[in-house]
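Data block below; observations after.
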Amino acid sequence: MLKKLPVFALFLGIVFPLSAAAQTSLVRFEGGIGSQPFARNAAGAVVANDVLGVNPGGRPWVISRLSVDVKTDGRISVDGRGLLLAGGGNIGRTANQTVHARLFCGGVAHNSGTVPLEASGDFRIEGDLSPTPPSPCADPILLIVSGVAPDGNWFAAGIQKQ
């Protein structure tokens, strides 16, 4: 029994730090910003309000609440509330859209799986980002994007929690 104790201690010393590292947050976002389809550039011309090459939805979108936690092992947990159209004939509705999360680290995209929006605009994403983001994540930007990755338009952006 005493001979097995050092092996067991070594096992615990390896497993617990690995599981603790997996529990560590890489980046968190609290709050969201809805998309606006157009912006003005420095010359005053109207242009698409793209973010890192991702075009906005064709109409404005609003989001009432967004909470996102990305772990160092690439797991992502998203709780979104009230992601709804803010203009057009479907104002206050979801237009039966599906969404996924897209985290940019240093301009490189890491995508989650896709989920449908509930009629209220609520959604939850639990899964892994692909590919796994680097640690640390340089200049993190989180978008909620329509459809299935790598396609889609952005509907909302996360506000990074420091």
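Every number in this text was worked out from the coordinates using simple rules, so none of it is lab data. What you are looking at is a predicted structure, and each value in this text was computed from that prediction instead of being measured. Methodologically, a virtual Cβ is constructed for each residue, glycine included, from the backbone with ideal geometry; neighbour enumeration extends over all protein chains shown.
State all residues of region 61-94 that are touching a strand residue (DSSP E or B) at 6+ places or on another chain (Cβ under 6 Å) and at positive phi; if no residue qualifies, say none.
GLY74, GLY92 - these are the residues of region 61-94 that are touching a strand residue (DSSP E or B) at 6+ places or on another chain (Cβ under 6 Å) and at positive phi.
Among the residues that make up region 33-43, is at least one of them aromatic (Phe, Trp, Tyr), in a strand (DSSP E or B) and buried (at least 17 other Cβ atoms within 10 Å of the Cβ)? Walk me through how you get there before you give the answer.
Pass one, region 33-43, residues aromatic (Phe, Trp, Tyr): 38.
Then drop every residue that is not in a strand (DSSP E or B), which leaves 38.
Checking which are buried (at least 17 other Cβ atoms within 10 Å of the Cβ) leaves us with none.
No, region 33-43 contains no residue that is aromatic (Phe, Trp, Tyr), in a strand (DSSP E or B) and buried (at least 17 other Cβ atoms within 10 Å of the Cβ).
Please tell me if LEU66 is surrounded by 19 or more Cβ atoms within 10 Å (Cβ to Cβ), of a type in the set (A, V, I, L, M), assigned to a strand (DSSP E or B) and in contact with an Asp or Glu (Cβ under 8 Å, 6 or more places away or on another chain).
For LEU66, the condition - surrounded by 19 or more Cβ atoms within 10 Å (Cβ to Cβ), of a type in the set (A, V, I, L, M), assigned to a strand (DSSP E or B) and in contact with an Asp or Glu (Cβ under 8 Å, 6 or more places away or on another chain) - is met.
Can you spot a residue in region 89-110 that is closer than 20 Å to GLU30 by Cβ, in contact (Cβ under 8 Å) with a residue 40 or more places away in the chain and surrounded by fewer than 17 Cβ atoms within 10 Å (Cβ to Cβ)?
No, there is no match, as no residue in region 89-110 is closer than 20 Å to GLU30 by Cβ, in contact (Cβ under 8 Å) with a residue 40 or more places away in the chain and surrounded by fewer than 17 Cβ atoms within 10 Å (Cβ to Cβ).
Of the conditions (1) over 22 Å from ASP151 (Cβ atoms); (2) not in a strand (DSSP E or B), SER77 satisfies every one except a single condition; which number is it?
SER77 satisfies all of (1) over 22 Å from ASP151 (Cβ atoms); (2) not in a strand (DSSP E or B) except (2).
Can you tell me how many residues within region 122-162 are farther than 21 Å from ALA48 by Cα, of a type outside the set (A, V, I, L, M) and assigned to a loop (DSSP other than H, G, I, E, B)?
Residues that pass the stated criteria total 11.
Which one of the conditions (1) closer than 16 Å to PHE29 by Cβ; (2) part of a strand (DSSP E or B) does VAL47 fail to meet, given that it meets all the rest?
Result: VAL47 passes all but (1).
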